[in-house]
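Here is the structure we will look at, set down as structure tokens.
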Amino acid sequence: MTLRDLPSIDQLLQTETAAHLIARFGRPLTLDALRQILDDVRARFKLLALSRVEGDPTIALPLPDLILAQADSTLTAWTKPTLLPVINATGVILHTNLGRAPLSDAAIHAMDIVSRGYSNLEFDLETGKRGSRLIHAESLLQKLTGAEAALVVNNCASAVLLTLSALANKKRVVIARSQLVEIGGGFRVPDVMKQSGAKLVEIGTTNKIRLSDYQSALEESAALVMRAHRSNFKIVGFTEEPGLKDIVTAAHQADVPVVDDLGSGALYDTTKYGFTHEPTVQESMQAGADIILFSGDKLLGGPQAGIIIGKKTLLDKIKKHPLARAVRADKACLAGLSATLLHYLKDEAEREVPVVRMMSLTLKQVKGRVEAWRDELGQGDVVQGQSTVGGGSLPDESIPTFLLELQVKSAEKFLRALRKNNPPIIARTENDKVLLDPRTVLPEQEGALLVGLKNNL
Ligand SMILES: *Cc1c(COP(=O)(O)O)cnc(C)c1O
């Protein structure tokens with residue numbers, strides 16, 4: 001055989017299989033794949049021909065069918081999405097690596113309808129003139145928190161950066177040393193402060209900060225006092241820290257506003273579900289914070305967003321800063337966030353917001369689901385364990401749960417096989433046993449989970 005026996009692109013294109021490929025992947029991409037495969041075949045043929053000795057059997061060239069089959073797998077690999085839904089059986093409710101909060105049906109619907117068509121994103125239906133995207137979600141946030149004004153941006157990290165840039169560029173910002181935190185993914189409060197142009201004034205020590213530390217730092221003029229929530233760690237032992245209310249009083253005596261970066265910023269009391277207390281947005285408002293920052297996709301259970309609420313005069317400055325345009329929220333986010341906030345306003349979050357629903361599942365409900373899994377699989381043990389919140393919320397906090405414990409030959413190999421499942425299943429291991437927590441598995445994923453487990457057991 002010589003290279004001249006290799007089918008040409010034109011010949012391949014005339015086949016029915018090629019027509020199917022073009023229908024599925026489009027003509028340009030299909031041509032690309034075929035060219036690449038033929039180039040590879042030619043290169044390999046030439047290499048083999050060079051090392052071929054007289055009298056050796058001739059080198060076989062692939063038949064058209066094989067080339068087209070190869071094109072199919074190449075095209076499938078090229079077009080496979082990298083971002084895929086997974087089943088979270090880890091029990092970590094706000095798993096940052098798994099995309100944090102799953103959304104409510106209403107939030108998904110709201111995002112879907114504004115994404116499909118046009119919307120009044122920046123159009124005033126009353127006057128027929130240009131409107132402002134900043135008003136969406138603002139009135140809901142005002143109603144829920146009592147704040148004078150609100151702004152939604154890309155995430156809480158950008159909310160911090162924007163707030164500091166707008167209110168404290170080249171000016172002093174007073175913050176306790178124990179609050180110079182690093183949140184997951186390399187978000188470091190001191191670095192963000194530097195980036196914003198604010199001058200960091202660290203006060204107190206790692207474990208102790210007194211009101212007098214604030215008062216002496218405020219003897220010199222400052223733009224802001226900032227408090228950052230220690231979302232992912234705790235300081236225990238010989239510690240002291242004044243309450244937000246006292247900090248606010250000291251700051252206001254010096255005529256300096258207080259920014260409270262809550263991070264998670266729950267709108268509800270997490271102790272209700274057996275977790276320790278996470279500072280709520282309402283408490284921060286009551287303590288008199290002038291600006292409060294929190295995430296949309298942590299304990300709130302909405303889409304990725306950063307929420308800035310507080311005094312109108314300060315919010316006006318923040319809204320006018322050029323960075324506000326760079327970190328603004330898009331229409332889908334605003335729609336999804338508004339729908340999520342509405343669940344809180346209508347007092348139906350426990351029923352509708354998946355994150356809250358997962359936290360509020362009773363032990364009896366969880367146990368019932370694990371038992372059903374075990375019965376369906378015909379193996380495994382129902383054992384007690386812990387579910388955690390994660391996602392930079394409630395450090396070390398967990399609530400009791402029930403787990404399905406599976407005994408397998410190699411837990412590591414089993415987990416790897418589960419990750420290759422379609423959809424991938426993410427579980428955890430302990431003492432070489434595989435543990436699956438129903439708390440974070442959405443009810444509609446249960447069927448797929450059980451099929452995936454059965455196929456790999
Ligand atoms: C999580 C967190 C942030 C960052 O929030 P993102 O929405 O992830 O950008 C900022 N500050 C605190 C205190 C946090 O806990």
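The values are calculated or read from the model by the stated rules, or taken from the named source; none is laboratory data. Just so you know, these numbers come straight off a predicted model, no measurement behind them. No Cβ is skipped: glycine too gets one built from the backbone with ideal geometry, and neighbour counts run over all protein chains shown.
Taking region 274-307 as the range and being of a type outside the set (D, E, K, R), more than 12 Å from the ligand (Cβ to nearest atom) and outside any helix (DSSP H, G or I) as the test, the residues that pass are Gly274, Phe275, Thr276, His277, Thr280, Ala287, Gly288, Ala289, Ile291, Gly301. For region 352-378, filtered to residues that are in contact with a helix residue (DSSP H, G or I) (Cβ under 7 Å, 6 or more places away or on another chain) and either without any contact (Cβ under 8 Å) to a residue 40 or more places away in the chain or not in a helix (DSSP H, G or I) (or both), the residue that is surrounded by the most Cβ atoms within 10 Å (Cβ to Cβ) is Val353. Scanning region 431-457 for residues that are without any contact (Cβ under 8 Å) to a residue 12 or more places away in the chain and not aliphatic (A, V, I, L, M) yields Asn431, Pro443, Glu444, Gly447.
State all residues of region 245-267 that are within 14 Å of the ligand (Cβ to nearest atom) and either aliphatic (A, V, I, L, M) or surrounded by fewer than 19 Cβ atoms within 10 Å (Cβ to Cβ) (or both); if no residue qualifies, say none. Step through it out loud before you land on a result.
Step one: list which residues in region 245-267 are within 14 Å of the ligand (Cβ to nearest atom), which gives 259-266.
If the condition is that a residue be within 14 Å of the ligand (Cβ to nearest atom) and either aliphatic (A, V, I, L, M) or surrounded by fewer than 19 Cβ atoms within 10 Å (Cβ to Cβ) (or both), then Val259, Leu262, Ala266 are the ones that fit.
Taking the criterion of being farther than 17 Å from Glu220 by Cβ, in contact (Cβ under 8 Å) with a residue 24 or more places away in the chain and surrounded by fewer than 19 Cβ atoms within 10 Å (Cβ to Cβ), the residues of region 190-203 that qualify are Gln195, Gly197. Set side by side, the residues Ser231, Ser178, Ser212, Ser221 differ, and just one is more than 26 Å from Lys312 (Cβ to Cβ), modelled with pLDDT of 95 or more and of a type in the set (Ser, Thr, Tyr), which is Ser212. Within region 203-237, being within 16 Å of the ligand (Cβ to nearest atom) and aromatic (Phe, Trp, Tyr) holds for one residue alone: Phe233.
Right, Arg44: in contact (Cβ under 8 Å) with a residue 12 or more places away in the chain, assigned to a helix (DSSP H, G or I) and surrounded by fewer than 17 Cβ atoms within 10 Å (Cβ to Cβ) or not? Break it down into steps so the answer makes sense when it comes.
On the way: in contact (Cβ under 8 Å) with a residue 12 or more places away in the chain: no; assigned to a helix (DSSP H, G or I): yes; surrounded by fewer than 17 Cβ atoms within 10 Å (Cβ to Cβ): yes.
Criteria not met by Arg44.
Scanning region 114-160 for residues that are in a strand (DSSP E or B) and not β-branched (Val, Ile, Thr) gives Phe123, Arg130, Ala149, Ala150, Leu151. Listed conditions (1) on the phi > 0 side of the Ramachandran plot; (2) more than 16 Å from the ligand (Cβ to nearest atom) are all met by Ala137, apart from (2).
Pick from Thr270, Thr276: which is farther than 22 Å from Leu180 by Cβ, surrounded by 20 or more Cβ atoms within 10 Å (Cβ to Cβ) and β-branched (Val, Ile, Thr)?
Every option except Thr270 fails the conditions.
Take Lys320 and decide whether it is among the basic types (Lys, Arg) and farther than 16 Å from Val441 by Cα. Criteria met by Lys320.
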